[in-house]
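Note sheet for the following structure.
The values are calculated or read from the model by the stated rules, or taken from the named source; none is laboratory data. In this text the structure is predicted, and so the values were computed from the model without any measurement. Cβ placement follows ideal geometry from the backbone for every residue including glycine, while neighbour counts extend to all protein chains displayed.
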Amino acid sequence: MQSLRNLPSVEQILQSDLVLIYISTYGRPLVLEAIRLTLKKVRDNFSLQNNIPDQDEIIELVRIQLEVWTEPSLLPVINATGVILHTNLGRAPLSLAARRAVQSVSDNYSNLEYDLIKGKRSTRLVHAEELLKHLTGVQAALVVNNNAAAVLLVLTALARRRAVVIARSQLVEIGGGFRVPDVLKQSGARLVEIGTTNRIHIADYEQAISEMPVALVFRAHRSNFRITGFTTEPDLSEIVEVSHRANIPVIDDLGSGSFLDTAQFGLGHEPTVQESLQSGADLVCFSGDKLLGGPQAGIVIGKTEYIEKLKKHPLTRALRADKLCLAALSATLMHYLKDEAIQEIPVWKMISTPLVNLQERVQNWIVLLGQGSANHNQSTVGGGSLPDEILPTCCLALSVRNPNRFMEKLRQQNPPVISRLENDQILFDPRTVLPEQDSSLIRNIQFLLQS
Ligand SMILES: *Cc1c(COP(=O)(O)O)cnc(C)c1O
C-alpha cells in the first residue's frame, strides 16, 4: 500500500551522490528549493493519483526542475525564414570585426570615458562620433540606445511644448509598439498634422509654418508600409527649402538608414543617409541594427547646434549606449569607411548573395539529406525597410507528414531552427542561414527525419 510516509525526506535526498553533484553545479539554496518544490508536487499529486515515485525518480524530477530554472532563455537560432532583418530574431548579426571588438572591450577595462592623451575624464559620446563624421561629412553625431530613443530625444530636446509639423501619411505604427503620434505626445511636443493620408503638397507645409510658431518639421520614413495609387509627397529638399526660409529645422527619421544603394542588388531604392543630408535635413536619425548591419543603437547626425542641445539634455544620460554597443558600432562603421561593407557585414552579404550560390547550397543540402527539393521563392529585407520588395531565392522544400509538428520540433532543437510553411511544404531559405550554421541545420533536420 502506497503511503506518503514512504516519501523520502529532504535530508535523505540531500545525501545522494547525484544531488551532491547538482549542488556543485547549481549551488545549495537552489537545489534545496528544487527538492522542496518537487516533494510538494509529489504530495499534491498523491491525492489525485495515489502514486509515489521512488527516490531515484524524485532525484530525476529535481534535476529537470533545476534545468528548467537555469536554462538560458536567450539563445542563438538558425534563421531559415529568408527575412534578413527579422526583428523577432534579433535583426542584424554582427560582422567578425564587430564581434571581436565586443569581445575585447568586454574582456578588459576600456577608455570608455577617459582621454588617454590628457589622462583625464572624457565622454563616451566621442566613440563612433568621429567615424560617423568622416563617413557622412556631418558636423556632429550622437549615439543612443535605439532609434526610438533617438526620435524621442530629438522631439523632447528640440520641441517640447512646441509645435511639430508632420504629414498625415507619416503618422504610422512601425511595430513593437512604436507609433509616431504616441512618441510625439510622450515628448511633450504638439502635433500639427498636415495634408491627407495619400496626398501632401508643399503648400500644406508652407501654410502650417505661416500660421503658427513651429519648433521643427519632422519627416518619418513610412517603414513597412507603402502608399500607392493617387499619391503625392514633396521631396525632402523642397520641405527643407520652405522650412529654412522660416528658420525652422527639418528632422528626417530614416528608420533603416542605409549607407548603400539597395537598387544595385535588384531591390527598390531605400533612401540613404547621404541623400537625406544632401537634401539639407538638419538632423537625420536611424537604427544601428537595420540596414547599417550593426548593434542595436539609435544614431543622430547633423548640425552641431542641434546635436549640442541633444547632448545637454538630461534624457541623453538615460538613453545612452553601452560600451559593447559602441565597440560593435565603431567596428561596423569601419567596414563602410574601408569600402568592404558588402564583403564583411552579414546583412549586406545576405542581400548581395547571387541566386546561383543559393541554388548550389540547396543542392548540397538535398544531397546531404537524401531528400527534399529546390523551391524557387522570395527572400525579403524586413526591418521596416523596402516593403513589398523581394530578392529571388532558392529554398530547400521538405514534405513531411505533419509539417506543423515538424516545425515545432525544429524550434526545440539545439540550435533552434526557424523555418516557414508554404503550400504544406517546409521551406528553408539559405540566404539567411549563416554559412557556418549549415552543418547544424542539416544535422537537426536529419535527426528529426530519422526519429
Ligand atoms: C525601426 C524604426 C524606428 C525605431 O527604431 P529602433 O531602432 O527599432 O528603435 C523608428 N522610426 C522608423 C521610421 C523606423 O523604421
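Worth pointing out:
- Residue check for Leu358: under 26 Å from His127 (Cα atoms), of a type outside the set (Gly, Ala, Ser) and in contact with a strand residue (DSSP E or B) (Cβ under 7 Å, 6 or more places away or on another chain): no
- Filter result for Leu142 (out of contact with any strand residue (DSSP E or B) (no Cβ under 7 Å at 6 or more places or on another chain), modelled with pLDDT of 95 or more and assigned by TED's automatic domain parsing to the domain that holds Ser187): no
- Residues of segment 252-303 satisfying the condition of being closer than 27 Å to Val102 by Cα, polar (S, T, N, Q) and part of a loop (DSSP other than H, G, I, E, B): Ser256, Gln296
- Thr353 vs. criteria on the phi < 0 side of the Ramachandran plot, of a type in the set (Ser, Thr, Tyr) and surrounded by fewer than 17 Cβ atoms within 10 Å (Cβ to Cβ): no
- Selected residue (criterion: nearest to the ligand (Cβ to nearest atom)) from residues of segment 207-261 that are on the phi > 0 side of the Ramachandran plot and surrounded by fewer than 20 Cβ atoms within 10 Å (Cβ to Cβ): Gly229
- Any hit, segment 128-139, residues being in contact with a Lys or Arg (Cβ under 9 Å, 6 or more places away or on another chain) and crowded, with 20+ Cβ neighbours inside 10 Å: yes
- Whichever residue in segment 269-292 is away from the ligand (no atom under 15 Å from the Cβ) and in contact with a helix residue (DSSP H, G or I) (Cβ under 7 Å, 6 or more places away or on another chain) and, among such residues, is farthest from Arg320 (Cα to Cα): His269
- Extreme residue, farthest from the ligand (Cβ to nearest atom), among residues of segment 353-363 that are under 27 Å from Phe447 (Cα atoms) and without any contact (Cβ under 8 Å) to a residue 60 or more places away in the chain: Gln363
- Checked against (1) within 15 Å of the ligand (Cβ to nearest atom); (2) farther than 30 Å from Pro314 by Cβ; (3) touching a strand residue (DSSP E or B) at 6+ places or on another chain (Cβ under 6 Å); (4) not charged (D, E, K, R), Ile78 passes all but condition (1).
- Selection from segment 365-395 of residues that are within 16 Å of the ligand (Cβ to nearest atom), on the phi < 0 side of the Ramachandran plot and surrounded by fewer than 22 Cβ atoms within 10 Å (Cβ to Cβ): Pro387, Glu389
- Residues being without any contact (Cβ under 8 Å) to a residue 40 or more places away in the chain and within 16 Å of the ligand (Cβ to nearest atom) - total across segment 123-167: 0
- Put simply, of Asn108, Asn51 the only residue that is touching a residue at least 40 places away in the same chain (Cβ under 8 Å), more than 22 Å from Glu436 (Cα to Cα) and not hydrophobic (A, V, I, L, M, F, W, C) is Asn51.
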